[in-house]
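First up is the structure itself, then whatever we jot down about it.
The values are calculated or read from the model by the stated rules, or taken from the named source; none is laboratory data. Computed from a predicted model, the values in this text were never measured in an experiment. Here the Cβ positions follow ideal geometry from the backbone for every residue, glycine too, while neighbour counts run over all protein chains shown. The accessibility values were calculated without ligands, DNA or RNA, using every heavy atom of the protein model including side chains. Shrake-Rupley method; radii C 1.70, N 1.55, O 1.52, S 1.80 Å.
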Amino acid sequence: VIMVTTYELNEIVMCKSRPDDKFGYPAKIQAVAKDDKGRNRYEIHYKGWNIRYDIWVESEEVDNMLFKHTPEIEAEHKKLLDESKGKTAKKKAVETPVSATLAKKRKTDREGSADSSQGSGIRTMPAKDDLINIAIPDKLRALMVDDSDLINRQSKLAKLPAQYTVDMIIKAYAQSLAGNLNISDVSGNDETLVEYGKGGGKQKDVVLNKHDMVQSSLGVLDYFNILLGSQLLYSKERAQFKACCQNPPAGAPGDKVNKQVTPELEDLKIIPSSIYGISHLVRLFVRIGPLIGQGAYGDKSLQIILKHMHDLLVFLSKNAATYHNINRDYEVAAKPNETTIDN
């Protein structure tokens, strides 16, 4: 008889995010159920992660995925995680037009600032051999140039909420993959031919998994919400962010932060992706490459992630004219203490 370790409801454990990982993350058992053979299966919530990433650990994976929690075991798993990151960081930069997802690693550093000692622009990460560089399509680069000029030279700010918010854009992208299906109905085995070249099955065409592409786009959404306030703003935009997301007035637009659902946004009151638009989303791709490089991804997983991100960038580029309009999306910046929010 094979003995399987059992766990109690609300017990703190260490849990892998994927069966083939060598390390786990602090987590909590938030539900216990029986499978058709009467064996325990467990619903897991990872500490500090969005509840979107809660998982069920099936009975046959319990001894592989779950570990009893002690400070010593947590430290051991953290060491394995750090070692995995170190190995990934030694890889050469990827030179394909790409970039980022995160189907599983959702936590990221809140440290850092978008202010530059050379001015008020967003700092561009230096190109190093151990970083993943993301090539941004020309249309999106032009958008970023216009956006920087409007804010830093013309003293304008993006109107909030945006006509097309990041939430709306990511949902539109996911819906474009799902077709007539609901996004939640896209099968994990549903594949699509993405034509990056001229089509016809040539070398540049890639077959990708629709379900994973949707999950990757939701991961980008998480990165955006976590990084916007600390790394994606020009200095002239900070007062607006504070007034709109950190200390908004009663009745302010946008989705309120639910700390039970999104504990990673506990320092905010309004979810940024519910009011900011494409001009701020595109800035994320300047930052996200190094973060992916720090993730514990194998070569194959990394390449899939980059292909997913490239597809999202292509979608943004094709729809840039719809999602970004200079005359519609900007206004003259309010004077100090006069930041306005559209209702």
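Full extension from V145 to N247: what is 0.36 nm times the residue separation minus their Cα-Cα distance, to one decimal in nm? If you can, show how the numbers build up before the last one.
Details: separation 102, 0.36 × 102 = 36.72 nm, distance 2.94 nm.
This chain segment gains 33.8 nm when fully extended.
Roughly to the nearest percent, how much of the accessible area of segment 244-307 is carbon and sulfur, given a 1.4 Å probe? Walk me through the numbers before you get to the answer.
Working: 1210 of 2480 Å².
Solvent-exposed carbon and sulfur of segment 244-307 make up 49 percent of the total.
Which value in nm describes the separation of the simple spin-label points at Q260 and A172, placed 7 Å from the Cα toward the beta carbon?
So the two model labels end up 3.3 nm from each other.
Under 19 Å from a point 7 Å along the Cα-to-Cβ line of K78: which residues of segment 8-48 have their amide N that close?
12-17, 22-28, 46-48
Find the accessible area per residue for segment 256-316; the probe is 1.4 Å, ligands and nucleic acids are left out, and the unit is Å².
Details: 2050 Å² over 61 residues.
Averaged over the residues of segment 256-316, the accessible area is 34 Å².
Order of 148-154, 40-46 by packing, highest average Cβ count within 10 Å first? Walk me through the numbers before you get to the answer.
Numbers: 148-154: 14.7, 40-46: 19.9.
By packing density, highest mean first, the sequence is 40-46, 148-154.
How do V257, V4 rank by accessible surface area computed with a 1.4 Å probe, from largest to smallest? Write down the numbers at each step before the final one.
On the way: V257 25, V4 75 Å².
Putting V257, V4 in descending order of accessible area: V4, V257.
For the pair A33/E11, report the inter-label distance in nm, with labels modelled 7 Å from Cα in the Cβ direction.
1.9 nm
I want to check the label-to-label distance for E58 and N325. Put each point 7 Å from Cα in the C-beta direction and report it in nm to one decimal.
4.9 nm
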